[in-house]
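The values are calculated or read from the model by the stated rules, or taken from the named source; none is laboratory data. Because the structure is predicted, anything quoted here is derived from the model rather than measured. Please note: Cβ atoms are built from the backbone with ideal geometry, for glycine as well, and neighbour counts cover all protein chains shown. The area values use the complete protein model at the heavy-atom level, side chains included, leaving out ligands, DNA and RNA. Shrake-Rupley method; radii C 1.70, N 1.55, O 1.52, S 1.80 Å.
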Amino acid sequence: MENFQTSENGDSSSRSSVSHFFSVPKLTGTDMYHVFISFSGADSAWVHQLIRKLEATFPSLIICTHDRDFTAGKTIIENMTECIQSSQKIMMVLSPDFVHSRWCLFEANLSMFQDCMSHKVIVPVMLKPCPMPLYLSHLTYLEVEDEQFFEKLCNKLLRNNAKETEDVLVHFQSSILYGGKQLLSLAAVNENDEDVSNGVFSETCVPDSLKAVVKDPEIFKKAIRLINDTPTDFLNSKWIYICIAICLILIICLFLPAFMSVCVTQNWFPYLHLPMSFIPVGFASYKMEYWKKFRLEKVIQNMSRSTGEANLHLAETSVLAGCSSKSSLVFVFASLKECKELFQITFGRDTDLAKCMWEKAITNYSSDYANCMAKKHFPRSDPQPPGHLVNGICFCQYVAMQITQGNWP
């Protein structure tokens, strides 16, 4: 992380070299500030170091922050709205604390902020690694670890707004910008269990990373319940322990009489064949490991199908879940409206066949499709045109690829 506390001589030379290349634009219209900096209180020390350097480098630069410019007596929402409207640009200092607090405030009141932010240039700065908020995922952020971070930041803050029309807030429903974006990786609450059993995921509330898309908490809860209720087949772990117990009993039965006899007769010769008994014991151990691996594959297969059933509900919100392992789920943004329309055209609009084929495709393929989207990798990337996803493979293309490979159930 860059430290802005430098020596006086070094700092003054750095300021002069940067200020030589950039000039502070004039405030026009109703603008009162050049930039409004939004950050979490946990990151305030770093932010104020940056502000001091910016103001020392550019004395005419007017910066707005919540801790020194909010008006007492007004609500936080009112203050934020006024400061955003009165600023030429918005700088967001991203960190886990920001995503879980300050950004949640933006998302929860997006209907109020949408108008005032829609035409403002946003400059995301990645202070600490964290998931990129969905509404900002189409923007390129600056990294503080970059050796030229300060110069790049000055360039973004002091450039003419007319040249940066692409760096504005865009609503998440634009599949061109957000299609295929990974929103969340959700770990199971029992991820550390050594037992080969189904993963169990929390359904208490919608995770922050999904709140912008999944507006109805019941849809998320219903989907998670379907995954958590994945049926457990006969391959129960207790059979593994039963096999181990049988092997131990077999060893005891073979060696205990021999040991007692040797103690009495002091003659080992009749029992030299006993080491051969380790062969079936070793074979049994090998089969138990194979059995455990086979059962794990079966668990993931069953969970993947349950995740597909859950996607019948999540797809309504343009979200798909993928079962990447027994203890982890990934969620991606995927609008399937055009793919669903193609199924309607192919199998008959509003017919039972079209509905059946769509549900079958979602149940069997959507989990693996979400995994491929999250990894940005498809096993065979030779889909037949046309597709509905820019610079990617849409769901109906993926289904067609599976059918071509003979994988239709």
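Considering only protein heavy atoms, what per residue accessible area in square angstrom results for segment 48-102 with a 1.4 angstrom probe?
41
Once amide H atoms are placed 1.01 Å from N in the peptide plane, what residues at a sequence separation of 5 or more from Val123, or on another chain, have their amide H within under 5 Å of its amide H?
Under 5 Å from the amide H of Val123: Ile90, Met91, Met92.
Using every pair of alpha-carbon atoms in segment 38-101, split the distances into 10 Å bins beginning at 0 and state the percent of pairs per bin, rounded to integers.
19, 50, 29, 1
Cα gyration tensor of segment 20-73, axes a ≥ b ≥ c as square roots of the eigenvalues: rounded (a/c below 1.5), prolate (a/b > b/c) or oblate?
Taking the square roots of the gyration eigenvalues as a ≥ b ≥ c, segment 20-73 is oblate.
Output the pairs from Lys326/Lys375; Lys26/Lys89; Lys340/Lys360; Lys181/Lys215; Lys89/Lys215; Lys298/Lys326 with a Cα-Cα distance over 22 Å in this structure; if there are none, say none.
Lys89/Lys215
Share of segment 295-351's accessible area from carbon and sulfur, percent, 1.4 Å?
The nonpolar share, carbon plus sulfur, comes to 49 percent.
Under 5 Å between amide H atoms, partner at least 5 residues away or on a different chain: which partners does Val319 have, H built in plane at 1.01 Å?
Ala334
Hey, if you put +1 on the Cβ of every Lys and Arg and -1 on every Asp and Glu Cβ in segment 181-231, which of Asn190, Val214, Ile227 ends up farthest toward the positive end of that dipole?
Val214
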